[in-house]
Amino acid sequence: MVLVRHHYQLSGSSILSTAIAIIGTGYVGLTTGACLAHLGHKVVCADIDPEKIAKLQSGVIPIIELGLTELVNEGMSAGRLSFVVGSVEAAKSCDIAFLCVPTPQGEDGSADLSYVQQAAEEIAAVLPFEAIVVNKSTVPVGSTKVVERALKRPDVKVVSNPEFLREGSAVQDFLKPDRVVVGSDDQAAAMKVASLYDGLSTRVIITDPASAETIKYAANAFLATKLSFVNAVAAICEGVGADINDVVVGMGSDKRIGENFLRPGPGWGGSCFPKDSRALIKIAEDANYSFDLLKGVITVNDQQFERVVQKVVQAVGGETTEKTIAVWGLTFKAGTDDLRDSPSIEIIKRLLALGSKVQAFDPTVTNSKPGVPEQLNLSLSPIEVTVGADVLLVLTEWDDFKWISPTTIATTMNGKQIVDARNLLNRKDWEQVGFTYQGIGR
Ligand code: UGA
């Protein structure tokens, strides 16, 4: 039942400090905890991993996230941010506990709620009277009820408050959000959670839990749809001799479309879009709707990985065996060290399966990182990786790659072929020194 549907602007500067427990100190939990401490709240972040907590207690941030180190240090020095092992320790004296634990993809595509349930069960006995539990993890519609059942605490209200944080700009996204979404059947609990964000100037949307949970999935699925759409149009551009960059500017100038989030690439990936789009298809199925549009979006994305592979095949004249491919970039996008569901890793695996030798460089990745394919040779520099290569393949849009001299690479490589799956490099500069350049949609 919808209790309140309300849109309003908050821009207050004086906020009431609330005692907050963050359960799960990954990307979302750590950013949320550090930012809430920055807004003046007293935050205790908990994790089951003692090593991670020890690092955080000594000011070492285990992830790459712009501005996060500064916020963590600020919060700790001000005495507003601390780290503990175990959820019970954090939850026992909080007003509000945020569940920020992972919801990995289950076998049937649905989100696996076991960590969420487990966390709720762990803290149930120690939560103070009338505390609030907030679901920040991306959870299927109906999960608020799942948490309520796990807690078995009628005095504790459960609120959905999905995150819209992009890796690499998560701090900025938290502190300057397009909106805050709060879903609850209890008006007082919803208002209390909304008031945590009083220091921010933004629109707060207060709705029922199912709508809040649906907003999160629908937003990610729509963004993935935009990307598959632009990659599909890029394929058409290649066929008809149009330039996708100009097409995007022309399309995006229509305010109803907008230019944001329309950069063509090697396909979309990361820890959210692939998992969340499959979960939404499953949610739809359970609600007796076959989400064919979203299934098509995933198919187009898979085709995009293959289109990049085929560009490399074309660059080596059709025979990939024993050809050496130098790859720039392994992470699923620039600004993060995350390899989860990275298009780059998927494309490399397909090239290895075709018998190519692949050597790669990424500024944030070393051989020991989980997710790096065993047969992949990693280099220490973007220039070294090109030595003896037949093709240079750009898969992540790291800014540094833009400034590497084509003249230098012309001397290190064996062939003069470039496949730029991010349209990152200046085509003319590379063609001038004899390279054959293939981008996406141009
Ligand atoms: C995404 C959403 O953007 C966040 O709003 C959301 O909160 C988050 O998932 C989540 O659910 O936790 P993120 O996974 O960090 O954030 O990555 P994005 O920046 O959205 O990029 C996703 C993929 O799309 C990447 O592979 C990226 O390279 C690709 N992309 C993005 C493009 O190919 N072109 C673009 O124009 C934008």
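The values are calculated or read from the model by the stated rules, or taken from the named source; none is laboratory data. Nothing here was measured: the structure is a model prediction, and the numbers come from that model. Quick reminder, even Gly has a Cβ in these numbers, built from the backbone with ideal geometry, and neighbours come from all protein chains shown.
For segment 377-397, the set of residues classified as hydrophobic (A, V, I, L, M, F, W, C) and within 18 Å of VAL308 (Cα to Cα) consists of ALA389, VAL391, LEU392, LEU393, VAL394, LEU395, listed by residue number. Within segment 228-243, residues that are within 17 Å of ASP302 (Cβ to Cβ) and assigned by TED's automatic domain parsing to the domain that holds GLU306 reach partners that are within 13 Å of the ligand (Cβ to nearest atom) and assigned to a helix (DSSP H, G or I) with beta carbons closer than 6 Å, at six or more positions or on different chains, in the pairs SER228/VAL297; SER228/VAL300; SER228/ASN301; ASN231/GLN304; ALA232/VAL300; ALA234/ILE244.
For segment 217-246, give me each residue that is small (Gly, Ala, Ser), surrounded by 22 or more Cβ atoms within 10 Å (Cβ to Cβ) and farther than 30 Å from VAL139 by Cα. If the condition is that a residue be small (Gly, Ala, Ser), surrounded by 22 or more Cβ atoms within 10 Å (Cβ to Cβ) and farther than 30 Å from VAL139 by Cα, then ALA234 is the only one that fits.
Is at least one residue of segment 135-157 assigned to a helix (DSSP H, G or I) and within 16 Å of the ligand (Cβ to nearest atom)? Within segment 135-157 (the criterion being assigned to a helix (DSSP H, G or I) and within 16 Å of the ligand (Cβ to nearest atom)), the answer is yes, since at least one residue qualifies. In this entry, SER253 passes the filter for residues that are more than 21 Å from VAL358 (Cβ to Cβ), among the polar types (S, T, N, Q) and surrounded by fewer than 23 Cβ atoms within 10 Å (Cβ to Cβ). The listed residues are SER58, SER82, and the only one of them that is without any contact (Cβ under 8 Å) to a residue 40 or more places away in the chain, surrounded by 15 or more Cβ atoms within 10 Å (Cβ to Cβ) and not hydrophobic (A, V, I, L, M, F, W, C) turns out to be SER82. GLU285 fails exactly one of the following numbered conditions: (1) over 22 Å from the mean Cα position of the chain (by Cα); (2) in a loop (DSSP other than H, G, I, E, B). What is the number of that condition? So GLU285 meets the others, but not (2). One residue is enough: does segment 241-264 have a residue meeting the conditions aromatic (Phe, Trp, Tyr), part of a helix (DSSP H, G or I), at pLDDT 95 or above and within 14 Å of the ligand (Cβ to nearest atom)? Scanning segment 241-264, I find no residue that is aromatic (Phe, Trp, Tyr), part of a helix (DSSP H, G or I), at pLDDT 95 or above and within 14 Å of the ligand (Cβ to nearest atom), so the answer is no.
Condition test on THR103, is it within 26 Å of the chain's Cα centre (by Cα), surrounded by fewer than 23 Cβ atoms within 10 Å (Cβ to Cβ), within 16 Å of SER184 (Cα to Cα) and in the same structural domain as VAL180 (by TED's automatic domain parsing)? Against the criterion (within 26 Å of the chain's Cα centre (by Cα), surrounded by fewer than 23 Cβ atoms within 10 Å (Cβ to Cβ), within 16 Å of SER184 (Cα to Cα) and in the same structural domain as VAL180 (by TED's automatic domain parsing)), THR103 does not qualify. Of all residue pairs spaced 6 or more apart or on separate chains, none has beta-carbon atoms under 7 Å together with a first member in segment 161-188 that is free of Cβ contacts under 8 Å to residues at least 12 places away in the same chain and a second member that is more than 8 Å from the ligand (Cβ to nearest atom) and assigned to a helix (DSSP H, G or I).
Whether any residue in segment 191-198 is touching a residue at least 24 places away in the same chain (Cβ under 8 Å) and either more than 23 Å from LEU39 (Cα to Cα) or part of a strand (DSSP E or B) (or both) is what I want to check. There is no residue in segment 191-198 that is touching a residue at least 24 places away in the same chain (Cβ under 8 Å) and either more than 23 Å from LEU39 (Cα to Cα) or part of a strand (DSSP E or B) (or both). Hey, could you check segment 322-355 for residues that are over 24 Å from PHE273 (Cβ atoms) and crowded, with 22+ Cβ neighbours inside 10 Å and say which is farthest from the ligand (Cβ to nearest atom)? Across segment 322-355, the extreme among qualifying residues is LYS323.
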